[in-house]
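Okay, structure first, notes after.
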Amino acid sequence: MIRIILFILGYIFSVVGLFFIFLYLNLLVIGYSFFEFVYFIIRSVYCDLFFIGILFIILSLRRKSKNGLLL
């Protein structure tokens with residue numbers, strides 16, 4: 001049950017993060033250079049939400065091995 005909740009939270013976080021990253025693409029139209037854009041995105045909280053969401057999804061999909069001799 002915890003894995004399903006972790007997957008759903010990860011999906012929501014990653015979608016919200018990607019939405020705001022795409023929304024900030026308008027900064028390139030205003031006149032920001034690519035490096036200024038990347039620096040702004042890295043400092044943004046929403047970029048952190050994207051990476052936290054991806055981490056949650058990876059953790060929820062990890063498989064626990066009960067036996068060390070799985071082939």
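We did not get these values from a lab; they are worked out from the coordinates using the rules stated. Since the model is a prediction, treat every value here as computed from it, not as a measurement. When we count neighbours, we look across all protein chains shown, and the Cβ atoms used for this are built from the backbone with ideal geometry, even at glycine.
Miscellaneous remarks
- Of the residues Phe40, Phe51, the single one that is more than 30 Å from Ile2 (Cα to Cα) and among the aromatic types (Phe, Trp, Tyr) is Phe40.
- Among the candidates Gly10, Gly31, residue that is at positive phi and among the small types (Gly, Ala, Ser): Gly31
- In summary, helices (runs of 4 or more DSSP H) completely within the chain and bearing 1 or more residues that are surrounded by 10 or more Cβ atoms within 10 Å (Cβ to Cβ) and under 13 Å from the mean Cα position of the chain (by Cα) occur at 2-23, 34-43, 45-61.
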